[in-house]
Protein chains: 2
Amino acid sequence: MADVTTVVDEYIAAWNAIDAAERRDLVARVFAEDATYLDPMLEGTGTDGIDAMIAAAQGQFPGARFELAGPPDAHHDVVRFSWHLYGSDGAKIVTGHDYAQVADDGRLRAVTGFLDQ
Amino acid sequence: MADVTTVVDEYIAAWNAIDAAERRDLVARVFAEDATYLDPMLEGTGTDGIDAMIAAAQGQFPGARFELAGPPDAHHDVVRFSWHLYGSDGAKIVTGHDYAQVADDGRLRAVTGFLDQ
């Protein structure tokens, strides 16, 4: 079972992976096969659906990068963490907060994202 | 369907309701019959289980009161909100952050709480 900190690091890496094969590999390592993702703007289900969703988001913000805002906070089978999205010019676009259920194998099963105002 | 702001207000009221009948009524209004609650220290399932869980928490912190730290943030069928817990002497004990799924009837179905460090 993967450590939750590693999974969250790889989750951020998946959002940042521009290379399609690398991104797909990270998505498969991070998300359970039946995982769901839901935030105010994006929605995806399963490895392929979430990979396509991330690819579409990358297309909307070319050169943008996600960074964890701090260490993840986990208890039982849940985890939360905050992140910043920086544009290609280095300016912060938005800060968000994700909450996820963790499957038995350590991968994320249901991710819900919120955007800070 | 109840407005999510009303449901979250009543959720906080349920945690503050010392009168057993009032608390049970609020819990039934706020939580779906099959609702679950999970935070680092407490766990409860269903109307009766969650009511008993809240009663036990009240017994551990006599005179303590919860207050919302700000308006709830909702999208799709999910909501998040922060709260402060004040002791009977008015000093802040802890700040927490709850996530919940919202059932079709507006009640909370799965609540996950985290405590800020």
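The values are calculated or read from the model by the stated rules, or taken from the named source; none is laboratory data. This one's a predicted model, so the numbers in the text were calculated from it and none came from an experiment. Positions of Cβ are generated from backbone atoms using ideal geometry, with glycine treated the same way; all protein chains shown enter the neighbour counts. Calculation scope for accessible area: heavy atoms of the full protein, side chains included, ligands and nucleic acids excluded. Shrake-Rupley method; radii C 1.70, N 1.55, O 1.52, S 1.80 Å.
Quick notes
- Ranked packing of B:11-20, B:62-71, A:9-18, most packed first, by mean Cβ within 10 Å: A:9-18, B:11-20, B:62-71
- At least 20 Å² accessible surface lost relative to isolated chain, residues of the range B:53-74 (1.4 Å probe): B:D73
- Remark on B:V94: its backbone amide H falls under 5 Å from those of B:L85, a criterion applied only to residues 5 or more positions apart or on other chains, H modelled at 1.01 Å from N.
- The length gained by stretching the chain between B:D104 and B:M41 to full extension, at 0.36 nm per residue less their Cα-Cα distance, is 19.9 nm.
- Our analysis of the protein assembly as shown gives Rg over Rh at 1.01, with the two radii drawn from alpha carbon positions and Rh computed by the Kirkwood formula.
- Residue-by-residue Karplus 3J(HN,Hα) for the range A:75-84, coefficients 6.51, -1.76, 1.60, Hz, glycine and proline x: 8, 6, 10, 10, 8, 9, 6, 10, 9, 10
- Table column - 3J(HN,Hα) (Hz), the range B:49-58, Karplus curve with 6.51, -1.76, 1.60, x for Gly and Pro: x, 6, 4, 5, 4, 5, 4, 5, 5, 4
- Rounded to the nearest 20, the size of the Cβ-charge dipole of the range A:22-115 about its Cα centre is 280 debye, with Lys and Arg at +1 and Asp and Glu at -1.
- Per-atom-type breakdown for chain B gives carbon and sulfur 51% of the accessible area (1.4 Å probe, protein chains only).
- The Kirkwood hydrodynamic radius of chain A, based on inverse pair distances between different Cα atoms, is 14.0 Å.
- Relative contact order of the range A:27-117, defined on C-alpha pairs under 8 angstrom at six or more residues apart (%): 28 percent
- A:A21/A:D89 FRET efficiency (R0 25 Å; Cβ-Cβ; nearest 0.05): 0.35
- Accessible area buried between chains A and B, both sides summed, probe 1.4 Å, in Å² to nearest 100: 1500 Å²
- A crude spin-label estimate for the pair B:D34 and B:D77, with each label 7 Å from Cα along the Cβ direction, gives 1.1 nm.
- Residues listed by number, the range A:86-117, amide nitrogen under 20 Å from A:R65 label point at 7 Å toward C-beta: A:86-97
- For the range B:103-110, putting each phi into the Karplus relation 6.51 cos²θ - 1.76 cosθ + 1.60 with θ = phi - 60° gives couplings of 6, 4, 8, x, 7, 7, 10, 9 Hz, in residue order, rounded to whole numbers and with x for Gly and Pro.
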